[in-house]
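Student: Before I ask anything, here is the structure I am working with.
The values are calculated or read from the model by the stated rules, or taken from the named source; none is laboratory data. Because the structure is predicted, anything quoted here is derived from the model rather than measured. Heads up, the Cβs are rebuilt from the backbone with ideal geometry, glycines too, and the neighbour counts pull from every protein chain shown. For accessibility, only protein heavy atoms count, side chains too; no ligands or nucleic acids. Shrake-Rupley method; radii C 1.70, N 1.55, O 1.52, S 1.80 Å.
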2 protein chains.
Amino acid sequence: MIRIGIIGYGNLGKGVEKAVNAAEDMELIGVFTRRNKESVHTISGAAVYSVNELENFVGKADVMILCGGSATDLPKQTAQYVKLFNTVDSFDTHAKIPEHFAAVDAAAKESGKIGLISVGWDPGLFSVARMLFGAVLPDGNDYTFWGRGVSQGHSDAIRRVAGVKDARQYTVPVQAAVDAVRKGENPVLTTREKHTRECYVVAEEGADKARIEREIKEMPNYFSDYDTTVHFISEEELLKNHAGLPHGGFVLRSGATGENKHLLEFSLKLDSNPEFTASVLTAYARAAAKMNAAGECGAKTVFDVPLKYLSDKDYGYLIAHLL
Amino acid sequence: MIRIGIIGYGNLGKGVEKAVNAAEDMELIGVFTRRNKESVHTISGAAVYSVNELENFVGKADVMILCGGSATDLPKQTAQYVKLFNTVDSFDTHAKIPEHFAAVDAAAKESGKIGLISVGWDPGLFSVARMLFGAVLPDGNDYTFWGRGVSQGHSDAIRRVAGVKDARQYTVPVQAAVDAVRKGENPVLTTREKHTRECYVVAEEGADKARIEREIKEMPNYFSDYDTTVHFISEEELLKNHAGLPHGGFVLRSGATGENKHLLEFSLKLDSNPEFTASVLTAYARAAAKMNAAGECGAKTVFDVPLKYLSDKDYGYLIAHLL
């Protein structure tokens, strides 16, 4: 049995709890929280500990799955906890991945553990697709589209606008752009041409909706480079129609071998982004345990993992049934 | 530079020649043939040798890409040539993969070489998708559809019917079945419900077309389990409209994490099946060279290969740009 611990118990941590409990080759040793541990009640009844108790679990856990956020939690936590345990995280700030990798690599090489970073669906499965597609079709172009789905970062950004009580933001791929790529036209696409942003906003009573809409649409980085639509709705409607966290997207590669054209596509359609991400983290936790048992250490990414390590099936089964 | 040799110079070998010549980190040392070497003229002007000269190239080639057929060539060739070189083959008789793996593994472990078997798009990229999808979404069902595309094995089978001068067979996925899977209905599908077979046949002058059609439709293994349509066309029309070897297909996994449903899909649309397969073989030849240089030997499959080895880019570039 692979012994798994969960650090952080939000949506992602709850998803990992479900995935680990469903895996026949894994055992959940507990959830670790920065909060008062008496205040945290796990869905499956898994034990709850304070992160201050982590040192007591050295030798009792094979992998810690880190379920904190990329903005402030993971840049500190992964390099810290990989000193004691193999870790898997979902660090997803693309621009800062090399920096995160270097910090985790130094700590992991010192401890002899594996720190598998940036696991999920993007980065993660989409990275696998980009890597594989580029290698087998070197003369071509990559396209990644996200959505239709809820962006939690953009929803949070809207909530920070004065007068906004709650909000949900959907990232939506532009169908004409997707169609042009699928037709092999190899278009050069601007940010605006690839995605639109749909915002569902609950305003505080008496708030100036025109100002809210303007502030959202003009927000740099988040919205100003996109065609953005803002819909004001009631709190009741938000809870009724926008409670879920669906997401998805696709990676396309359009290219050629000489005169012959080829199109490769990988797509996801997810009812729950955090639950699916948790399921991916859990499969890669299995790989981290196996790679470390095979003598490997240091920071790793999905590019380092032989796919056989993701499965709980033996190799003979895999080549007979899946190859 | 990775030094590559090609054994066998049909459609697949010609595709590998093109792919290797396009790769900046590879050098094509020559094409090896069982035919009279004077009779073989390569497209790029690459040197042609007899397979009997292979022993002279020990230490002068890093990987031999085997471009023979799965029926009779590869079961003998791979285990034989892996005694001298790292090899990559496209062995695609799914039922016999375990047997082929065992034979290649024994020979490769003795020689200290790598024999990377069953590389292409199915087995190969589709196997990667099935493996990855099953691991990250364990509660679900797999579906593999092929086509619309030319099946060379089925085209050959039709050509063996008395009175048939030439033929082309297209494998076509049944749209209703694909739609049901994409909707998350998890249908149980028979062979007949998944694919149809379209045959374009040039009959010899005076041949009994009704008998030919009957013999095709009743042919066991190849056609009797499918809804098959037979179109008699002129040789001219065959050459004009059916000269290419397009293919494609998709791997779907439909599953759930608890109550939330998810759909994963990987698809290919290829203008030239042999050229794309050749491009995949070439990328995996790079991986075989790197894995052997890292000290690994024995039979390997796409499940053993860390994806980073497929690329000619360095790791820093990969994590900064593709992760």
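Student: What about B:His262, is it in contact with a Phe, Trp or Tyr (Cβ under 6 Å, 6 or more places away or on another chain), at the interface with chain A (Cβ under 7 Å from one of its Cβ atoms) and surrounded by 19 or more Cβ atoms within 10 Å (Cβ to Cβ)?
Tutor: Spelling it out, B:His262 is indeed in contact with a Phe, Trp or Tyr (Cβ under 6 Å, 6 or more places away or on another chain), at the interface with chain A (Cβ under 7 Å from one of its Cβ atoms) and surrounded by 19 or more Cβ atoms within 10 Å (Cβ to Cβ).
Residues checked against (1) within 23 Å of B:Thr191 (Cβ to Cβ); (2) within 10 Å of chain A (Cβ to nearest Cβ):
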{"residue": "B:Leu132", "(1), (2)": "no, yes"}
{"residue": "B:Asp142", "(1), (2)": "yes, yes"}
{"residue": "B:Val150", "(1), (2)": "yes, no"}
{"residue": "B:Gly163", "(1), (2)": "no, no"}
{"residue": "B:Ala167", "(1), (2)": "yes, no"}
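Student: Let me ask you something else. Identify the residue in region B:143-164 that is closer than 20 Å to B:Leu125 by Cα and modelled with pLDDT of 95 or more and, among all such residues, is farthest from the chain's Cα centre (by Cα).
Tutor: Checking each candidate, the answer is B:Tyr143.
Student: Exactly one condition in (1) within 14 Å of another protein chain (Cβ to nearest Cβ); (2) farther than 23 Å from B:Asn11 by Cβ; (3) assigned to a helix (DSSP H, G or I) is not met by B:Ile97; state its number.
Tutor: The one condition B:Ile97 does not meet is (2).
Student: Another one. Hey, can you tell me all the residues within region A:202-231 that are in a strand (DSSP E or B), out of contact with any Gly (no Cβ under 8 Å at 6 or more places or on another chain) and open to solvent by less than 60 Å² (accessible area, probe 1.4 Å)?
Tutor: Scanning region A:202-231 gives A:Val202, A:Thr228, A:Val230.
Student: Restricting attention to region A:157-201, and to residues there that are in a helix (DSSP H, G or I) and acidic (Asp, Glu), which single residue is surrounded by the fewest Cβ atoms within 10 Å (Cβ to Cβ)?
Tutor: Residue satisfying both the conditions and the ranking: A:Asp179.
Student: Answer yes or no as to whether A:Met64 is under 22 Å from A:Val305 (Cβ atoms), more than 18 Å from the chain's Cα centre (by Cα) and not aromatic (Phe, Trp, Tyr).
Tutor: No: the conditions fail for A:Met64.
Student: For region A:207-218, state whether one or more residues are under 24 Å from the mean Cα position of the chain (by Cα) and without any contact (Cβ under 8 Å) to a residue 60 or more places away in the chain.
Tutor: Within region A:207-218, not a single residue is under 24 Å from the mean Cα position of the chain (by Cα) and without any contact (Cβ under 8 Å) to a residue 60 or more places away in the chain.
Okay, residues lined up against (1) within 19 Å of B:Val150 (Cβ to Cβ); (2) at pLDDT 95 or above:
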{"site": "B:Pro220", "(1), (2)": "no, no"}
{"site": "B:Thr228", "(1), (2)": "yes, yes"}
{"site": "B:Glu237", "(1), (2)": "yes, yes"}
{"site": "B:Lys240", "(1), (2)": "yes, yes"}
{"site": "B:Leu307", "(1), (2)": "no, yes"}
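Student: Quick one: what pairs do we get from region B:232-256, first residue over 30 Å from A:Thr277 (Cα atoms), second β-branched (Val, Ile, Thr) and surrounded by 13 or more Cβ atoms within 10 Å (Cβ to Cβ), C-beta under 6 Å, 6+ apart or different chains?
Tutor: Final answer for the pair search is B:Phe232/B:Val201; B:Glu235/B:Val202; B:Leu238/B:Val202; B:Leu245/B:Val150.
Student: Which of the residues belonging to region B:118-149 are closer than 17 Å to B:His94 by Cβ and acidic (Asp, Glu)?
Tutor: B:Asp122, B:Asp142, listed by residue number.
Student: Another one. Taking the conditions exactly as written (touching a residue at least 24 places away in the same chain (Cβ under 8 Å), under 16 Å from the mean Cα position of the chain (by Cα) and either open to solvent by 10 Å² or more (accessible area, probe 1.4 Å) or within 30 Å of A:Ala283 (Cβ to Cβ) (or both)), does B:Pro138 satisfy them or not?
Tutor: The answer is no for B:Pro138.
Student: Next up: Could you check B:Val251 against (1) open to solvent by 60 Å² or more (accessible area, probe 1.4 Å); (2) in contact with a Ser or Thr (Cβ under 8 Å, 6 or more places away or on another chain); (3) within 14 Å of chain A (Cβ to nearest Cβ) and say which number it fails?
Tutor: (1)
Student: Is it the case, given these coordinates, that B:Asp92 is out of contact with any Cys (no Cβ under 9 Å at 6 or more places or on another chain), open to solvent by 20 Å² or more (accessible area, probe 1.4 Å) and under 17 Å from B:Ala288 (Cα atoms)?
Tutor: When the stated conditions are applied, B:Asp92 does not pass them.
Student: Find the residue count for region B:111-130, including only residues that are within 14 Å of another protein chain (Cβ to nearest Cβ), outside any helix (DSSP H, G or I) and open to solvent by 10 Å² or more (accessible area, probe 1.4 Å).
Tutor: Matching residues across region B:111-130 total 2.
Student: Within the set of pairs 6 or more residues apart or between chains, which connect a residue that is facing another protein chain (nearest Cβ under 8 Å) and without any contact (Cβ under 8 Å) to a residue 40 or more places away in the chain inside region B:300-314 to a residue that is among the aromatic types (Phe, Trp, Tyr) and not in a loop (DSSP other than H, G, I, E, B) with Cβ atoms less than 7 Å apart?
Tutor: Note: pairs meeting the criteria are B:Pro306/A:Phe303; B:Leu307/A:Phe303; B:Lys308/A:Phe303; B:Lys308/B:Tyr315; B:Leu310/B:Tyr284.
Matching residues to (1) of a type in the set (Ser, Thr, Tyr); (2) away from chain B (no Cβ under 14 Å):
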{"site": "A:Thr228", "(1), (2)": "yes, yes"}
{"site": "A:Asn241", "(1), (2)": "no, yes"}
{"site": "A:Leu268", "(1), (2)": "no, no"}
{"site": "A:Glu275", "(1), (2)": "no, no"}
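Student: Do any strands (runs of 3 or more DSSP E) lying entirely in region B:1-72 carry at least 1 residues that are open to solvent by less than 10 Å² (accessible area, probe 1.4 Å), and which ones are they?
Tutor: The strands (runs of 3 or more DSSP E) meeting that bar are B:2-7, B:26-33, B:63-66.
Student: Shifting gears a bit: State yes or no: is B:Ala285 more than 9 Å from every other protein chain (Cβ to nearest Cβ), part of a helix (DSSP H, G or I) and touching a residue at least 60 places away in the same chain (Cβ under 8 Å)?
Tutor: Criteria met by B:Ala285.
Student: Taking B:Arg182 and the conditions (1) charged (D, E, K, R); (2) within 25 Å of B:Trp121 (Cα to Cα); (3) free of Cβ contacts under 8 Å to residues at least 40 places away in the same chain, which numbered condition does it fall short on, given that it satisfies the others?
Tutor: B:Arg182 satisfies all of (1) charged (D, E, K, R); (2) within 25 Å of B:Trp121 (Cα to Cα); (3) free of Cβ contacts under 8 Å to residues at least 40 places away in the same chain except (3).
Student: Kindly indicate the residue of region A:288-299 that is touching a residue at least 12 places away in the same chain (Cβ under 8 Å) and more than 10 Å from chain B (Cβ to nearest Cβ) and also nearest to the chain's Cα centre (by Cα) among those meeting that condition.
Tutor: Among those residues, the one meeting the criterion is A:Ala288.
Student: Being touching a His at 6+ places or on another chain (Cβ under 9 Å) and buried (at least 21 other Cβ atoms within 10 Å of the Cβ) is the filter; apply it to region A:278-323 and report the residue that is farthest from A:Phe101 (Cα to Cα).
Tutor: A:Leu323
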